[in-house]
Amino acid sequence: MAKKKELLPKILETGANELEIIDFRMYEVLDDGSTYEWILGVNVAKVKEVIFRPKDIIKAPGLPPEAEGLAKIRGQMVPIINLAKWMKIKEPPNAGRYVIVMEFLREIVGVIVHEARRIRRIRWADIKRPPKSIDEKLGGKVVGVIEIEDNKLLLLLDFEGILDELGMIKIFGEEEVKKDIEGIEKKGHFKILILDDSPVARRIIRKILEADGHTVYEAQNGIEALQMLHQWLEEAKSQGKDITDYVQLIISDIEMPGMDGLTFTRKVKEDPELSKIPVIINTSLSDRANVDKSKYVGADAHLVKFDAPDLIKLVHQYAITK
């Protein structure tokens, strides 16, 4: 009897190019006394829980002005960011009753919001680039917009960029890259394509890789990266070369508008001519589900941002030596 095909739980399905986001709101009191509603979102995969604002938030030295302090959540002291302060908006009285507790970049942070509405399931393809006016208003920290009911726009925030702006992003082992790192046999310098919708993330990854002597190409999402790969493929064929003469490794984020990293990786690994290129998933999402998803689409490795020695180790382990 033929073995029954195993079905993945819904949360592990890949190729649908979808994600779930928490729809939350911020309210701004305008100069004329009216209230403007900001409709914002964050990937559910980054969220541990939504709680009422802790009563005891302790002021602590070294935190940015946008941080209210530290609060004990589930036995751990967590920095609490006041999103209204970062947005530079005037809040209504008694606003900020909720905290979205998120985990990414190996850190846990709480973000004070005015209201948490619902979970929405959306397609990455439906996420568009933000209007320039909105992006400028929020300091370039909007990774995309989604049109929802009543022709309103929901803005996906770049929390990596926000934390970087606040000086709260840690790059583990950055100074070690230029040195000989224990357990890493450096095999040479490679041509590497990186995919990430966050300019901050691309800058950090580029800095780490270039410090190790590699040539870096950038794409903002899977669609753009596939276009680059197919252009290289055509050029390689016309010159009697192989695609791996143009790129020896791909490092991809998961969360990207247009085409996410998992869908991109699946398309690369299903393509007979591109599948030979190793793909490392490099993401702020460290949960088991996303590690399993990476394996399911054929990624060669999975890495949590931003650990410089681990990244360099995987580069020399998986990049194709020419």
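Tabulated results
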{"item": "Among (1) of a type outside the set (Phe, Trp, Tyr); (2) surrounded by 14 or more Cβ atoms within 10 Å (Cβ to Cβ); (3) over 23 Å from ILE21 (Cα atoms) - the single one PRO93 does not satisfy", "result": "(2)"}
{"item": "Residues located in the stretch 75-101, provided they are part of a loop (DSSP other than H, G, I, E, B) and either of a type in the set (S, T, N, Q) or not assigned by TED's automatic domain parsing to the domain that holds LYS55 (or both)", "result": "ASN94"}
{"item": "Residue within the stretch 249-258 that is in a helix (DSSP H, G or I) and in contact (Cβ under 8 Å) with a residue 40 or more places away in the chain present", "result": "no"}
{"item": "Flag for ALA60 being of a type outside the set (Phe, Trp, Tyr), outside any strand (DSSP E or B) and out of contact with any strand residue (DSSP E or B) (no Cβ under 7 Å at 6 or more places or on another chain)", "result": "no"}
{"item": "Tabulated pairs, the stretch 141-167, first within 15 Å of PRO257 (Cβ to Cβ), second part of a helix (DSSP H, G or I) and of a type in the set (S, T, N, Q), C-beta under 8 angstrom, 6+ apart or interchain", "result": "none"}
{"item": "Members of the stretch 40-88 found to be among the charged types (D, E, K, R) and over 27 Å from GLU136 (Cα atoms), listed by number", "result": "LYS48, GLU49, ARG53, LYS55, ASP56, LYS59, LYS72, ARG74"}
{"item": "Lone qualifier among GLU37, GLU68, GLU28 - being modelled with pLDDT of 95 or more, of a type in the set (D, E, K, R), in the same structural domain as ALA84 (by TED's automatic domain parsing) and surrounded by 19 or more Cβ atoms within 10 Å (Cβ to Cβ)", "result": "GLU68"}
{"item": "Residue match in the stretch 216-234 (condition: acidic (Asp, Glu) and surrounded by 19 or more Cβ atoms within 10 Å (Cβ to Cβ))", "result": "no"}
{"item": "Hits in the stretch 227-248 (condition: among the small types (Gly, Ala, Ser), in contact with a helix residue (DSSP H, G or I) (Cβ under 7 Å, 6 or more places away or on another chain) and part of a loop (DSSP other than H, G, I, E, B))", "result": "none"}
{"item": "Options ALA60, ALA67, ALA95; residue that is within 25 Å of the chain's Cα centre (by Cα), farther than 30 Å from ARG123 by Cβ and among the small types (Gly, Ala, Ser)", "result": "ALA67"}
{"item": "Count of the stretch 102-121 residues which are assigned to a strand (DSSP E or B) and crowded, with 17+ Cβ neighbours inside 10 Å", "result": "9"}
{"item": "Matching residues, the stretch 192-201, being assigned to a helix (DSSP H, G or I) and either crowded, with 22+ Cβ neighbours inside 10 Å or modelled with pLDDT of 90 or more (or both)", "result": "ALA201"}
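The values are calculated or read from the model by the stated rules, or taken from the named source; none is laboratory data. Because the structure is a prediction, the values reported are computed rather than measured. In this analysis, Cβ positions are derived from the backbone assuming ideal geometry, glycine residues included, and neighbour counts consider all displayed protein chains.
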